[in-house]
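**Student:** Quick one: structure below, then a few questions.
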Amino acid sequence: MKGYLGIDVGSVSTNLAVIDEEGTVLCHRYLLTHGQPIRAVQEALREISTYLPKGMEIRGVGTTGSARQLAGVMVGADVVKNEITAHAIGTTHFFPHARTILEIGGQDSKIIIIRDGLVVDFAMNTVCAAGTGSFLDQQALRLGIPIDQFGRYALRSKSSARIAGRCTVFAESDMVHKQQIGCNLEDIIAGLCEALVRNYLNNVAKGKEILESIIFQGGVAANEGIQSAFEGELGKKIYIPKFFNVMGAIGAAFLAQEQMDGGGKTHFKGFEVINLHCKTRSLECKECENECEIVEFSIGEEVTAYWGDRCGKWENKL
Amino acid sequence: MKITVPHCGQMDIFINALCRKIGPDFVIPPKTSPRTLDLGIKYSPESTCLPFKFILGNFIEALEKGADTICMISDHGPCRVGMYDIVMQNILREMGYQFNWITMDDTRILRSYLLKFDRERRKRKVSLVEAIRALLFSWKKMNVCEEMERWTHKMRPYEVDRGETTRVSLECLRLIDGVTDLKELKIAREDALSRLANIEQDRTRQPLKMVITGEGYMVINPHANQDIERRLGEMGVEVTRTMWFTSQIAHAMRLDLLKKRSKSKAIRASKRYLPHNIGGECNASIGYAILYAREAYDGLIQLLPFGCMLESVAKNILRIVSKDYDMPILTFSLAENLSETTITTRLSAFVDLIQRKRKGREK
């Protein structure tokens with residue numbers, strides 16, 4: 001049996017998925033990155049290797065997410081792609097009629113506009129992370145509610161409190177204020193969900209034509225409160241795919257399949273990387289005024305990759 | 001008198017050429033580096049736009065290097081550059097620097113420049129012929145530099161070793177910077193062209209064609225736009241940009257009337273979407289999108305410093321242009337906290353989008 005592995009290493013979570021030749025998802029893992037992408041990837045690989053069918057051969061590997069390059073050199077990826085393309089590929093496989101993808105992750109949020117199965121436009125949050133998963137996490141922690149119950153609280157609200165979602169700092173002080181004047185928790189949380197959605201629509205999705213079918217994915221899609229706020233604000237049905245939190249990884253696996261169908265042998269180093277001692281080190285190149293920050297990646301004592309240089313001198317060194 | 005100006009594209013080569021011939025003494029600020037930006041951020045109002053921070057940083061470093069006179073352009077339009085000079089002077093004086101300040105008021109008033117130039121010339125006892133010759137030589141040199149840059153844009157998507165085109169092109173610019181007369185310039189130009197032509201290439205590739213437009217400072221300065229031309233080139237895109245040192249001067253002097261892609265043509269083309277010329281590069285950004293869409297370019301990237309009012313207007317109109325002409329447009333709002341991953345993620349997604357669109361059409 002042959003399969004393709006997709007790895008999506010984001011700011012908050014590290015996701016893996018394995019698909020077979022027909023594009024069926026065989027298994028997937030969702031793990032928290034905890035700021036240590038190397039360890040997270042190793043851990044996820046170890047977990048997923050136990051779920052794989054016996055005698056499974058990995059024919060190709062794709063990586064995506066903000067640590068895609070790091071993950072790519074670590075496992076030996078055949079394709080390293082940005083998360084927008086990866087998400088779009090994954091989603092359109094399951095929803096050929098999708099025309100809008102709303103994706104809210106740990107630190108970024110994006111909207112992808114699809115027409116006839118092709119990405120025609122996209123946008124990501126620019127200078128601010130207001131309205132992403134990290135902020136919800138933070139607030140859940142502050143209120144002492146487990147993040148997976150956050151949405152349910154919102155749904156119980158009868159009339160939501162009005163909270164400004166423009167900036168997380170102001171949103172938080174708004175929430176504290178509402179608490180102090182005696183609003184109940186459910187209403188405040190519902191208000192927060194609405195504020196985040198308003199902010200997303202006014203910011204990331206500004207000027208984009210949101211047509212059905214609308215797919216909502218990324219870690220935040222687990223939050224029913226946000227889903228219902230989107231439905232309220234847009235007046236349209238929002239679908240949450242079964243694999244909403246690992247769609248990037250699934251997309252990366254599809255990209256690997258696409259790449260390998262072109263021929264060639266995989267660069268995948270095998271599941272042995274679980275036990276390798278990988279480390280990174282950053283250094284500043286002082287040879288010109290660009291002062292690039294170079295990342296040095298080594299396995300054991302051997303340096304296997306450099307990146308981050310503008311001129312290519314370090315990258316071509318090995 | 002030791003004059004300094006902010007870095008702007010390859011303008012330092014022009015100024016070097018001119019002042020080596022007829023003076024006055026110029027202090028070119030050190031190349032814009034992370035330190036420049038750090039200094040700029042430290043002393044600028046937090047909410048000001050990115051060019052302000054870079055330029056202030058340039059001035060601080062130039063003053064450290066011994067400059068005593070600062071030359072800075074200004075404008076009367078709605079662009080914030082109109083307030084740059086007063087605010088910058090105040091900041092620098094509060095920091096304890098002493099200097100003279102020359103405001104180059106409104107780039108469209110050419111006569112006053114020429115008068116200033118002429119006064120300076122007489123003071124320095126440079127003959128008129130000599131001065132005109134020096135100006136023409138520097139102008140020609142600048143044209144050769146920009147020709148090199150255009151070639152670099154064309155060659156980069158074909159390069160086999162990543163970074164080679166950039167390296168060769170830097171060598172060529174240094175070569176051209178060093179020449180002192182027209183004869184040498186001609187030789188250097190040919191030498192540079194052959195060096196570029198000798199770069200190992202893979203001509204089987206089919207690069208996409210993209211144009212970069214938007215706010216002038218961001219378009220012209222690789223240090224401000226995170227080296228977007230190089231990044232795109234290395235992703236296999238042939239880029240061109242709408243803003244050049246010579247094109248700006250030529251536009252101000254109305255010397256570009258016959259050029260195919262002149263700024264005035266762009267402004268005229270924007271009329272259908274924005275009848276009133278609101279200043280800055282706003283109308284030109286819109287117009288260029290139309291001009292390049294007609295030339296069947298695959299995509300356009302608009303650059304603006306975060307918070308730029310004029311380009312934000314253009315951004316919203318560009319959405320309609322994008323639809324009308326079926327050309328994908330990506331807008332980049334740049335601030336100092338943008339990480340490298342943020343840039344490459346968006347750029348590569350944009351390149352993917354266009355590539356898949358092209359593949360879809362071929363099918």
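**Student:** Just need a number here: residues in the stretch B:158-196 that are in a helix (DSSP H, G or I), touching a residue at least 40 places away in the same chain (Cβ under 8 Å) and closer than 24 Å to residue B:246 by Cβ.
**Tutor:** At the first step, the residues of the stretch B:158-196 found to be in a helix (DSSP H, G or I) are B:158, B:164-178, B:182-196.
From what's left, touching a residue at least 40 places away in the same chain (Cβ under 8 Å): B:158, B:165-166, B:173, B:176-177, B:182, B:185, B:188-189, B:192-193, B:196.
Filter once more, keeping what is closer than 24 Å to residue B:246 by Cβ: B:165-166, B:173, B:176-177, B:182, B:185, B:188-189, B:192-193, B:196.
Count: 12.
**Student:** Answer yes or no as to whether residue A:152 is part of a helix (DSSP H, G or I), out of contact with any Lys or Arg (no Cβ under 8 Å at 6 or more places or on another chain) and closer than 30 Å to residue B:317 by Cβ. Give the steps one after another, and end with the answer.
**Tutor:** Values: part of a helix (DSSP H, G or I): yes; out of contact with any Lys or Arg (no Cβ under 8 Å at 6 or more places or on another chain): yes; closer than 30 Å to residue B:317 by Cβ: no.
For residue A:152, the condition - part of a helix (DSSP H, G or I), out of contact with any Lys or Arg (no Cβ under 8 Å at 6 or more places or on another chain) and closer than 30 Å to residue B:317 by Cβ - is not met.
**Student:** Looking for something under 30 Å from residue A:23 (Cβ atoms) and at pLDDT below 80 - is there at least one such residue anywhere in the stretch A:158-181? Give the steps one after another, and end with the answer.
**Tutor:** Taking the stretch A:158-181 as the starting set, the residues that turn out to be under 30 Å from residue A:23 (Cβ atoms) are none.
Looking for residues that are under 30 Å from residue A:23 (Cβ atoms) and at pLDDT below 80, one finds none in the stretch A:158-181, hence no.
**Student:** With the structure loaded, tell me whether residue A:196 is in contact (Cβ under 8 Å) with a residue 60 or more places away in the chain, closer than 22 Å to residue A:238 by Cβ and touching a helix residue (DSSP H, G or I) at 6+ places or on another chain (Cβ under 7 Å) or whether it fails that test. Walk me through it before giving the result.
**Tutor:** On the way: in contact (Cβ under 8 Å) with a residue 60 or more places away in the chain: yes; closer than 22 Å to residue A:238 by Cβ: yes; touching a helix residue (DSSP H, G or I) at 6+ places or on another chain (Cβ under 7 Å): yes.
Criteria met by residue A:196.
**Student:** Any residue in the stretch A:116-131 that is in the same structural domain as residue A:215 (by TED's automatic domain parsing) and in a helix (DSSP H, G or I)?
**Tutor:** From the stretch A:116-131, those in the same structural domain as residue A:215 (by TED's automatic domain parsing) are A:116-131; that's our starting set.
Filter once more, keeping what is in a helix (DSSP H, G or I): none.
No.
**Student:** To continue, here is another question. I'd like to check something: does the stretch B:240-257 contain any residue that is under 29 Å from residue A:312 (Cα atoms), within 14 Å of chain A (Cβ to nearest Cβ) and touching a residue at least 40 places away in the same chain (Cβ under 8 Å)?
**Tutor:** Kept after step one, since they are under 29 Å from residue A:312 (Cα atoms), are these residues of the stretch B:240-257: B:240-245.
Going one step further and asking which of them are within 14 Å of chain A (Cβ to nearest Cβ), we end up with none.
Checked against the condition, which is being under 29 Å from residue A:312 (Cα atoms), within 14 Å of chain A (Cβ to nearest Cβ) and touching a residue at least 40 places away in the same chain (Cβ under 8 Å), the stretch B:240-257 yields no hits at all.
Residues are listed down the side, and each one gets a yes or a no for (1) surrounded by fewer than 23 Cβ atoms within 10 Å (Cβ to Cβ); (2) under 25 Å from residue A:85 (Cβ atoms); (3) of a type in the set (Asp, Glu); (4) facing another protein chain (nearest Cβ under 8 Å):
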position	(1), (2), (3), (4)
B:292	no, yes, no, no
B:295	yes, no, yes, no
B:300	no, yes, no, no
B:310	yes, no, no, no
B:339	yes, yes, no, no
B:345	no, yes, no, yes
B:352	yes, yes, yes, yes
B:360	yes, yes, no, yes
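**Student:** So, one more: Would you point out the residue of the stretch B:192-237, among those that are more than 24 Å from residue B:33 (Cα to Cα) and of a type in the set (Gly, Ala, Ser), that is farthest from the other protein chains (Cβ to nearest Cβ)? First the steps, then the outcome.
**Tutor:** Narrowing the stretch B:192-237 to residues more than 24 Å from residue B:33 (Cα to Cα): B:192-211, B:235-237.
Right, trim to of a type in the set (Gly, Ala, Ser) and you get B:192, B:194, B:197, B:236.
Details: B:192: 19, B:194: 22, B:197: 20, B:236: 14 Å.
Among those that are more than 24 Å from residue B:33 (Cα to Cα) and of a type in the set (Gly, Ala, Ser), it is B:194.
**Student:** Continuing with this model, one more query. Taking only the stretch A:268-295 into account, find how many residues are touching a residue at least 12 places away in the same chain (Cβ under 8 Å) and facing another protein chain (nearest Cβ under 10 Å).
**Tutor:** The number of residues fulfilling the criteria is 4.
**Student:** State whether one or more residues within the stretch B:288-300 are among the β-branched types (Val, Ile, Thr) and outside the structural domain of residue B:154 (by TED's automatic domain parsing). So that I can check it myself, show each step before the final result.
**Tutor:** Step one: list which residues in the stretch B:288-300 are among the β-branched types (Val, Ile, Thr), which gives B:290.
Okay, now just the ones that are also outside the structural domain of residue B:154 (by TED's automatic domain parsing), so B:290.
Yes, because at least one residue in the stretch B:288-300 is among the β-branched types (Val, Ile, Thr) and outside the structural domain of residue B:154 (by TED's automatic domain parsing).
**Student:** Residues that are over 19 Å from residue A:149 (Cβ atoms) and under 20 Å from the mean Cα position of the chain (by Cα): list the helices (runs of 4 or more DSSP H) wholly contained in the stretch A:183-268 that include at least 3 such residues.
**Tutor:** On the way: elements: A:185-203, A:224-234, A:247-261.
Answer list for the stretch A:183-268: A:185-203, A:247-261.
**Student:** Modelled with pLDDT of 90 or more, in contact with a Ser or Thr (Cβ under 9 Å, 6 or more places away or on another chain) and within 14 Å of chain B (Cβ to nearest Cβ) - does that describe any residue in the stretch A:88-108?
**Tutor:** Within the stretch A:88-108, one or more residues are modelled with pLDDT of 90 or more, in contact with a Ser or Thr (Cβ under 9 Å, 6 or more places away or on another chain) and within 14 Å of chain B (Cβ to nearest Cβ).
The values are calculated or read from the model by the stated rules, or taken from the named source; none is laboratory data. No experiment lies behind these values; they were computed from the predicted model shown. Because the Cβ atoms are built from the backbone with ideal geometry, glycine has one as well, and the counts that use them run over all protein chains shown.
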